[in-house]
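What follows draws every value from the coordinates through simple rules; no lab data is involved. All of these numbers come straight from a predicted model, not from anything done at the bench. Cβ atoms come from the backbone with ideal geometry, glycine included; neighbour counts cover every protein chain shown.
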Amino acid sequence: MKLSKLQIDGYGRFIESEFELAPGLQIIAGANEQGKSTTRHFIGDMLYGQKRNTTKRIYEESNELRMPWGNASTFGGRLTYILDNGHEIEVHRNFDRKHESLSVFNRTLGQDITNDFPVLKNRESTFAEAHLNMTKSVFIGTATISHVSLMELGDKEALVSIRERLLSLTDSGDESRSAEDALQWLNARSISIGQKTARTKPLPMTRARLLDLQDEYQTVLDARQEIQVVERQHASIMEEIGILLNEKTALETELAQCRNSEHSTRLSRATDLTNEINSCTRESMGIAQYRDFPIDRFAHVSQLQTQLAGAEEQLRKAENRLAEQQLELDATLERLANEGVVVMKEVNPEYESTLTSLEAEIQSLNYRINETEELHARCQTGYMDAQQALGNLPDFSQFSTEPIERITQATAEFDLACKVRDEEQTQFEHIEETLEQKHSLSEESEKLFAEFDDFGKVLESHENSTTEHEEFLADLYHDSEDIKHRIDDIESRLPSFYIFTALSVFALIAVLVVVLSTQNTTFYYTAGIFGLLFAILGSMTLLSRNHLRREHKRLSTTEMEIDRHEIANQRSAKQFEELMESTNSSTLREIEAIYDQFLNSQKDRDRYQEHLNLQQTRVDDSEAHVGELFTHLQTMFAEIGTQLSAEEEVSGAAMNSISQYHEYRETKRKSIEHRDSLNRYINELESLNTKRESLRADERKHSLDARQFMRDNHYEEESQHDSALSALRSYRIKSAQARHQQSDLEVVQGQIKVLKQQLDEHSQSTASLQAELEAALLEASSDSFEEYQDKYTNAKRYQELRVQRSQCEEQLAHVLGEDTLASLEERYGNVDINESTTGRSADAIQAELSGIQQTLDDKRKREHALHILLAERSAGMRSLNEVEEERDATIARQADLELELQAAEHASQIMQEVTQKRHTKVAPKLAQLASEYLSVITDGAYKELLINQDMQISIRVPQTQALNQDPERLLSKGTVDQIYLSLRLAMINILSEGAEQIPMVLDDPFAHYDDARVKSAMKLMTEVAENNQVLLFTCREDVVRAAEALGAPVLHI
Amino acid sequence: MPAPMGNQRRQSLRDVFQGIITRAAEWPADVLLIAGDLFEHDRVTRDTLAFLVTEFNRIPDTAIFIAPGNHDPCLPNSPYFTEAWPPNVHIFTKPEWESRSACQGNVTVHGFGFDAPYITKNPFGQLWIPEKRQSELHLAVAHGSERSHQPPDREDYAPFSAKDVAVPGLDYLALGHFHHMQEISGDFDTRIFYAGSPEGLSFKETGEHVHLEIEVEEGRLTVTPVPSARIRYFDETLFCDEFKSSQEVIETIRGYIQSLDTKPIGRMTLTGACDAAIKNEMGFIHDATALEFEYLELVDNTAPIEDYDELAREDTSMGVFVAALNREIAESANAGRITMLKRARELGVAAFRDRNVEIHGLERG
């Protein structure tokens, strides 16, 4: 593309201005602030517009800065350019935002081609991009070159700065940012998020937090389930409490009814008592005259009367019996004479009562013992069952004090280790895959460079030897040429020698003929001279011939040497030519670049190999860790009888073990309960047995005494009785019978005797009693005992009434208590005594109520314990919602961070690959072109500029002929400027390769060049302008003069 | 929303409920109908149940009828069974209509409750009021999805048609399930209302939320929606094409909420194509406006700053980088990977431009 005309309607300081531009080098000269930069911006804006970016209609600052002061509607102009295919394009633009317009005409075809190009999101046409094959940023960044000097680049490490700019241009089309910077940016970002090895960065911290939250979630979930169980128990207890409360209320009601009934009964009773008191009072008033009757004497008098009557009756009976006994005595004497009756003492009744009491007590103890034994057997069965169940369950007592915690912790640790191992394995596979890719990528290069231990040194050695060979060959060629020259010289001189020798011979012969013919002696001198001349010439000819022979010989030797060296050179170069052929390289530099790339790839591979080894170690470690934990788990589960054979079984085993532990705990509790009961029953049984044994000992002792007594009294049948008590009973009957039989006679005799004595006594006592009775009746003013008895009856009744009244009053006081009859009547007067009651007494109800209250208290204690348990389980624990919300937020945050890290790492990876390929591709061409430009601009002083795939620049310094990457100390500032200019021009050339030739816009690039360098630079510009149009803006007169000297057109603005 | 907001939201819902109970006590209301989803069965805490019991105890003279829904079904371990509810609370525990009288027999309340998250037996349509009792006041409370108002993309629960349940004699049907207040009207005399949630629960539930106050006087029934929410959700989209600076965005957001009487919980989605300078200040915009909100979620849906198709055409490493990622994005079928690749592309270009890009997932503050 060649810009041919600028027509500015209004742009910055230009109004209605027009500039014709030459197709090659065009100098645009003007003092500062005369519009050079404005013109440069006009070209850029006309081609690409003034939008700040490609997505939005936001204008650059230039839109306001370049707006003409007078009429904004003229803001714009025309730009005409000719494409490499010869088509002339004219662009019309108006930059005024209100009247913004763009028209693109193909003047050659006479067509409006404005709409032939895609439109960007910012509504800009892409015609310039299509014609120049580059975006605006690349055009501005690359094709526009402003001031270049060490002042900007920095005095030190200028090549480093140049490299950075070069990298930036290659990478971003902008001088300020390179892929290296971008990679650093991405790496810093990855580090700040937290890479794999980091521990304190946001991502690992989020991961750790998530693990904590998942644990907490599980804990809360478990606790919630546990709480639900406890809550169910609590609800059940509450229900039972409710039932008990209902029962209690019913009983309290019943008790109240019962109490009311009692109070009513009390009222009734009090009323009855009051009535009875009144009745007593009334009746006692009627017999009050007998109140002084000596009632206490009545018993005596009555006794006297009875005794008298009795004595009289006894007297009569004794007389009758005496007669009867007399008759019986006779009969008994007769009967006993025929019978031999043994005497048996009467048994002491204490024996029987004691034994009966002991037997009852023993019987009672037997019942209790049986009952206790039954309970004991039941408990023992329960205990045995529990023990058997415990035997079937793992022994958790030796396992841990907190088995669930131990199992949960161990399995959680194992799960975490498995997860880490899987992650490490995945990472290992990823690295391995990457390494394999690296291997496959570098396989070809490896084959190529396999035969070289150090290709760099070989190449360097080859280059050095090639250089030496070339230099030596050059010397040889030079020698050869010298020899040839000398041979030619000799060969050119030798005919003359022959001629002159022949002429001298002819002259000598002629002179000798003349001498001999004339005999003129003077001719002898002449003949002598010619003779001498002949001798000299002859000698010289011979010498020359000898010399020629020697030179020919030397030439032959030199040529053989040349051939030898060339063959050696070719042999040495052959392998490199093969390498070049196989790598499609045209220069050794390219091979070197490929080798460098190969080395880097090897380093990269080694690094990955190291990484892989490290990762392998980590995988092994994590695998070992998992193994250790698995072994630990196997050991742990083995302790509780669970055999683990595979990792997958861990979770199930843990669940099963926890379940077993719950069962174990419950069974253990039952076992302990049964054991405690057993102990209690055993103690009780011991106590009862001891007591029973004591009683049995007493019983035995008493039985032995009784049996001894019976044997002593001739009762041999006692041994036939199992029980001493039954023997005693039998003995008592038998002894009674025996005594009865034996004593019949004695009794009858004694009775007769006694009866006789009694008859006397009765007679005396009857008289005595008669006298005493009469005295007593007289004392009571009674004529007869009947009168005395009537009086006594009334007096007694009076006294009874008094006693009865007193008792009633006592009872009344007792019944009323602190109440009065009136208050009772008031309160319970209307109570129906027959109100429905269960018929149970208040005490029975109270007893039942107490029982219920006791049960209720127990239940409440249990309820309170469950309540405390619930509070304990819930204490310090966040709600499921809270944990879940934080967990979800953390998962989202982790996902975001993972995405950020993955994106940054992926971007970094792609960027590395892309930039390496691009640098490898661009670097050799850039170096070649820049070398050519540099050679021109430095008049051949610097010919070779090398750029490797990292875009590191080195230059072959003429003084040392060595490649130098640190040439600042050897290069002048101007030279560094020239290097930069060469590289920039080379860059434009590369961008134009195979496409439209890009016009270069240079804004005073030689601002700090001295005259000599300006001339050289202008010379270069002239050469460059043969392909690419060069618009060179300058304010320097020496530049203008240099341009004019080279015939370049100068446009003054 | 960040985790601590959950507790604030739950407390706010309690406050709203307390406000409704206070209103019922002061009015005083004869009957309180709760059409289900009073709590989340799997999430309810003892503390929440204690709170509910305490609140119900505050209105002992108000008959409370609860028709459990799909979120609080009467499962065997439901708090409806295990908790000791005050005597004025009646819970319809079975999925079949049950009738209870209230107000000394002047009102009959019909209702049914879910006994599982999904009920297979749908009692709607089985309500029947004897003809001789149709002149009395009959109210009903239930939970389910009315078909004509069921969003097509949402799962329905106990679906029914209003005409099937608007039986003769039924004066008012209180429905629960949909979270916005709406009246179901049709060719029937029964007034049917979804009261909605008394306060919004998510950004989908913007606008005003109410409880309904129903008055019956001389056979005339009036329904009054009374605002009950303490917090309002707010979800707006802001087009950023014309904004020149973050200040304009901030002022526009402030202008949006000036008309509101309370601080909302807001989600502001920025769309359109905004300048890179604004896009880079999203964090600042959020922080500058967050104080105006109870909580603010600022969603950046603005178009990418870069035209990646255009960038891919650049003959630079950056251009090749973008082209490589554009290719990967085009070839990838996995949405997650595409998101990652797009972010990688954005980061790569930002790295070349040395432009600051916020790291998503960092805790603010």
Highest GNM mean-square fluctuation, chain B, Cα pairs closer than 10 Å: which of B:Y157, B:Y194, B:Y256? B:Y256
Identify, among B:L52, B:A102, B:G186, the residue whose Cα sits farthest towards the positive end of the charge dipole of segment B:3-227, taking +1 on the Cβ of Lys and Arg and -1 on the Cβ of Asp and Glu, with the dipole about the Cα centre. B:L52
Among the lysines, select those whose C-alpha is under 24 Å from the C-alpha of B:K163, and discard any that sit fewer than 8 residues away in the same chain. B:K94, B:K121, B:K132
Calculated from DSSP helices alone, with each H run of at least 4 adding -39500 (n - 2.57) and the total divided by the residues of chain B, [θ]222 nm to the nearest 500 comes to -9000 deg cm²/dmol
Taking the alpha-carbon centre of each part, the distance from segment A:628-688 to segment A:453-511 in Å is 111
Residue mean of other protein chain beta carbons inside 10 Å, B:74-81: 1
For chain B, the Cα convex hull volume per residue in Å³ comes to 182
What ranking, highest mean first, results for peptides A:894-907, A:402-415 when packing means the other Cβ atoms within 10 Å averaged over each residue? A:894-907, A:402-415
Using a Förster distance of 56 Å, how high is the FRET efficiency between B:Q11 and A:Y59, based on the Cβ-Cβ distance and rounded to 0.05? 0.65
Taking a straight Cα-to-Cα line shorter than 16 Å from A:K925, and setting aside same-chain lysines fewer than 8 residues away, one finds A:K917, A:K943
P(r) over all Cα-Cα pairs of segment B:233-353, 10 Å bins from 0 to the longest distance, whole percent per bin, short to long, reads 12, 36, 28, 18, 6, 0
Hits among aspartates and glutamates - C-alpha to C-alpha of A:K2 under 17 Å, sequence gap 8 or more where chains match: A:E18, A:E20, A:D45, A:D84, A:E88, A:E90, A:E129, A:E993, A:E996, A:E1023, A:E1026
Please order B:V107, B:V322 by the number of other Cβ within 10 Å, starting at the fewest. B:V107, B:V322
Using a simple charge model, +1 on the beta-carbon of Lys and Arg, -1 on the beta-carbon of Asp and Glu, nothing else, what dipole does the protein assembly as shown show about its Cα centre, in debye to the nearest 20? 3720
At 20 °C and 1.002 mPa s, the Stokes-Einstein diffusion coefficient in µm²/s for segment B:1-146, with hydrodynamic radius from the Kirkwood sum on alpha carbon pairs, is 132
Past 31 Å, Cα to Cα: identify those pairs from A:K98/B:K263; A:K457/A:K921; A:K317/A:K796; A:K196/A:K447, in the order given. A:K98/B:K263; A:K317/A:K796; A:K196/A:K447
Using the Karplus curve 6.51 cos²θ - 1.76 cosθ + 1.60 with θ = phi - 60°, work out ³J(HN,Hα) for each residue of segment A:924-940 in order, rounded to whole Hz, and write x for Gly and Pro. x, 5, 4, 5, 5, 5, 4, 4, 4, 4, 5, 4, 5, 5, 10, 6, x
Descending packing, highest mean Cβ count within 10 Å first, for A:582-594, A:917-929 is A:917-929, A:582-594
Percent of Cα pairs exceeding the 53 Å cut-off, where the set is the protein assembly as shown: 65
Within-14-Å neighbourhood charge of A:S4 [Cβ basis; K, R +1; D, E -1]: -1
How shielded is A:614-622 by partner chains, expressed as the average number of their Cβ atoms within 10 Å of its Cβ atoms? 0
Principal axis extents for segment A:58-110, Cα atoms only, whole Å, descending order, please. 37, 19, 18
The orientation-averaged projected area of the Cα convex hull of segment B:61-104, in nm², is 3.5
With an 8 Å cut-off on Cα pairs and a minimum separation of 6 or more residues, tell me the relative contact order of segment B:233-353 in percent. 22
Within 10 Å of each Cβ in B:36-45, the average number of Cβ atoms from other chains: 2
So how do A:99-110, A:944-955, A:15-26 stack up, highest first, on mean other-Cβ count within 10 Å? A:944-955, A:15-26, A:99-110
